[in-house]
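To start, the structure itself, in structure tokens.
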Amino acid sequence: MATKFIIGTKGRMTQVFDDAGAVHAATIVSAAPLTVTQVKSVEKDGYAAVQLGMGVRKEKNLSNAVKGHLSAKGGSASGGKDLLGAFRCLRESRIIEGDVKRGDKIEISVFAPGDTVEVSAISKGKGFQGVVKRHGFSGGPRSHGQKNKERAPGSIGGGGRAGGRVVKGMRMAGRMGGNRVTVKNLRVLQVDPDTNTILISGAVPGRPGTLVEIRGN
């Protein structure tokens, strides 16, 4: 396979000791085998990619369109019969067409300790936050008649700046978190095919249970 790719759920963090006795912070990711549900080609779809199914959900919650898409024959829905699986989610990986075919399984063993990977996930939502937490402002001093203003944003515009308007991109208070975040240059520390878990160095975006995408080279 040209590109290593797996989908999993984030677990807890732990510590791992290497052969030299050094300790590394690590995140445990559970990644069950994926099923190839569709192989896209440049001629038919405009780009080459492989669609993968992950997880399990109740078959009754699948729409007829999804049942037809996931039917083993790739045709219309067959009353819930001959499905590749009732997957929790579908994701795409742009790997070279022809490496895999529909119905194939992708195991966690495609990764090995020492591989460099990048991980994408939805970060924790933090709600509406001020500029000190959201942008790292230092705030104002509690002096010269000020009080209760340590976390204020300060001036955001005026007659002598940008024509008296608030310029685009002004850092202000607002909703924070809940964005797709990609962390690069992480390292695979351990891979356990028996438990379908992979240990990745450092922190991974999101809360425990968040869906994460792991890509390698």
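The values are calculated or read from the model by the stated rules, or taken from the named source; none is laboratory data. What you are looking at is a predicted structure, and each value in this text was computed from that prediction instead of being measured. Counting neighbours? That spans all protein chains shown, and the Cβs are built from the backbone with ideal geometry, glycine included.
Overview of results
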| read-out | value |
| --- | --- |
| Residue within region 97-120 that is farther than 30 Å from SER201 by Cβ, among the polar types (S, T, N, Q) and not assigned by TED's automatic domain parsing to the domain that holds ALA49 present | no |
| Single residue of region 127-150 satisfying the filter (basic (Lys, Arg) and modelled with pLDDT under 90) that is nearest to VAL204 (Cα to Cα) | LYS149 |
| Wholly within region 20-126, strands (runs of 3 or more DSSP E) carrying at least 2 residues that are among the polar types (S, T, N, Q), closer than 16 Å to LEU211 by Cβ and at pLDDT 90 or above | 23-30 |
| Members of region 20-35 found to be surrounded by fewer than 20 Cβ atoms within 10 Å (Cβ to Cβ) and either without any contact (Cβ under 8 Å) to a residue 24 or more places away in the chain or within 23 Å of LEU52 (Cα to Cα) (or both), listed by number | ALA20, GLY21, ALA22, VAL23, SER30, ALA32, PRO33, THR35 |
| Any pair with Cβ under 8 angstrom, 6 or more apart, that starts in region 129-150 at a residue that is surrounded by 12 or more Cβ atoms within 10 Å (Cβ to Cβ) and ends at one that is of a type in the set (Asp, Glu) and part of a loop (DSSP other than H, G, I, E, B) | GLY139/GLU150; GLY140/GLU150 |
| Test: ASN185 is more than 29 Å from GLY11 (Cα to Cα) and surrounded by fewer than 11 Cβ atoms within 10 Å (Cβ to Cβ) | no |
| Some residue of region 202-210 being assigned by TED's automatic domain parsing to the domain that holds ASP18, at pLDDT below 95, more than 24 Å from GLY55 (Cα to Cα) and not basic (Lys, Arg) | yes |
